[in-house]
Amino acid sequence: MTPDQLLTAPDTALPTLRGAVAGLPSYVPGRRSAGADIAALASNESHYEPLPAAITAVAEAAGRMNRYPDMAAVELRERIARHLGVTAGEVAVGPGSVGVLQQIITGLCDAGDEVIFAWRSFEAYPILVELAGARPIRIPLDHVEGHDLDAMAAAVTERTRVILLCTPNNPTGVPISHDRIEAFLGAVRSDILVVIDEAYVEYAEAGSGPDSLALYREYPNVCILRTFSKAYGLAGLRVGYAVAAPAIAEGLRRTALPFSVSALAQKAAVASLDAREEMEARVAAVRQERSRMAAQLEAQGWKLQPSQGNFLWIRAGEDLLSRLMNAFDAAGVMVRAYRGDGVRITVADAASNDRVLRLLEAHAA
Ligand SMILES: *Cc1c(COP(=O)(O)O)cnc(C)c1O
């Protein structure tokens with residue numbers, strides 16, 4: 001065709017999405033609550049409002065929304081560094097830890113590279129991997145709903161670039177012990193980034209999961225991923241962070257969408273870290289409710305693995321799952337169903353938890 005013909009050629013084809021995008025599963029968000037009687041237990045949010053200091057910080061920063069935020073997030077990175085005993089150069093922030101994880105995967109993976117993770121685990125993992133043109137390698141959970149680290153190590157190939165460990169695991173609540181991760185790190189190549197996703201670490205009993213900072217110091221190919229969305233109650237503001245070797249953290253900062261963490265989010269996150277003791281008191285109350293629920297469910301006849309997150313996991317095949325979901329829907333209790341696998345229920349205030357216990361009692365074995 002001549003350039004002239006190109007300009008005038010009739011063209012009815014519409015723009016098409018890349019194959020990797022067209023084939024993506026959609027992220028299924030937890031359903032939104034739509035009424036006073038609805039219990040929102042589908043997204044592992046905190047049922048508490050943000051910490052008062054965070055609300056004040058956001059209100060104070062609101063008058064400066066005409067300005068771009070600090071792209072380097074210096075104050076927040078320094079505050080996180082002080083909190084953890086690392087340097088600000090080892091910290092990268094992003095719009096939620098999902099945002100940081102996207103920076104990790106796009107920063108490390110070329111098309112066809114492999115990312116290994118347990119399954120079932122966090123639903124965002126396969127989406128972010130496929131979006132980057134990389135290959136998700138799902139390794140089934142073991143018989144007690146935990147990571148099968150031997151199988152994960154055996155799945156490593158020369159294309160493996162990243163391994164995601166989720167502890168405590170979403171949606172099963174099962175942590176990975178320090179010793180098991182340490183042995184795993186000794187067995188995998190040091191040029192593979194091992195991401196320890198600790199979105200729920202604040203809810204875990206001391207010693208149940210890894211001392212991830214100690215592992216990071218011993219193995220510089222470890223990357224710790226944390227968020228303000230869960231225990232700190234800032235899910236709607238979008239801020240999370242990674243701790244990684246300085247060269248990797250610097251690379252993550254370079255792959256970030258500019259200004260993706262708002263000034264409001266940066267200020268609220270700093271204020272939340274300053275008010276950590278208040279957060280811990282709330283977390284302690286959730287843990288107590290988690291124990292109460294687990295004990296009652298066990299007494300009802302449910303077989304659960306102990307959860308270290310702010311949620312409980314009930315394994316359920318098709319039939320049980322559809323019975324449970326009908327009952328939850330009818331009662332206005334929103335929980336997260338995973339077809340063929342089970343249901344995840346966020347632990348919240350005592351009244352909502354009681355509704356869950358009453359509902360489940362009717363369906364116990
Ligand atoms: C909720 C969650 C996150 C964090 O999401 P944000 O993007 O920080 O809101 C990360 N990992 C897991 C496993 C989660 O469940």
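The values are calculated or read from the model by the stated rules, or taken from the named source; none is laboratory data. Just so you know, these numbers come straight off a predicted model, no measurement behind them. With ideal geometry, Cβ positions are generated from the backbone for all residues, glycine too; neighbour counts draw on all protein chains shown. These area figures cover heavy atoms from the full protein model, side chains too; ligands, DNA and RNA do not enter into them. Shrake-Rupley method; radii C 1.70, N 1.55, O 1.52, S 1.80 Å.
In the calculated pair-distance distribution of region 52-275, the portion above 23 angstrom amounts to 44 percent of the Cα-Cα pairs.
If each residue of separation counts as 0.36 nm, what is the full-extension length gain between Ile55 and His83 once their alpha-carbon separation is subtracted?
8.0 nm
Could you tell me whether region 145-289 comes out rounded, prolate or oblate from its Cα gyration tensor? Rule is a ≥ b ≥ c as square roots of the eigenvalues, rounded for a/c under 1.5, then prolate if a/b exceeds b/c, otherwise oblate. Note, shape of region 145-289 comes out oblate.
A protection proxy built from the mean count of other Cβ atoms within 10 Å ranks the segments 75-82, 290-297, most packed first, as 75-82, 290-297. With all protein chains present, how much of the accessible area of region 52-275 (probe radius 1.4 Å) comes from carbon and sulfur, to the nearest whole percent? About 54 percent, which is the carbon plus sulfur part of the accessible surface.
Summed over the residues of the chain and divided among them, the accessible surface reaches 46 Å² per residue at a probe radius of 1.4 Å. Calculated on the Cα set of region 77-121, radius of gyration then Dmax: 13.7, 38 Å. Approximating the spin labels as points 7 Å out from Cα along Cα→Cβ, the Ala20-to-Asp179 distance works out to 4.0 nm. Counted over region 52-275, the DSSP beta bridges are approximately 30% antiparallel.
Based on the mean of other beta carbon atoms within 10 Å per residue, what is the order of 196-203, 255-262, most packed first? Mind dumping the intermediate values first?
Working: 196-203: 24.2, 255-262: 16.6.
Order by mean packing, descending: 196-203, 255-262.
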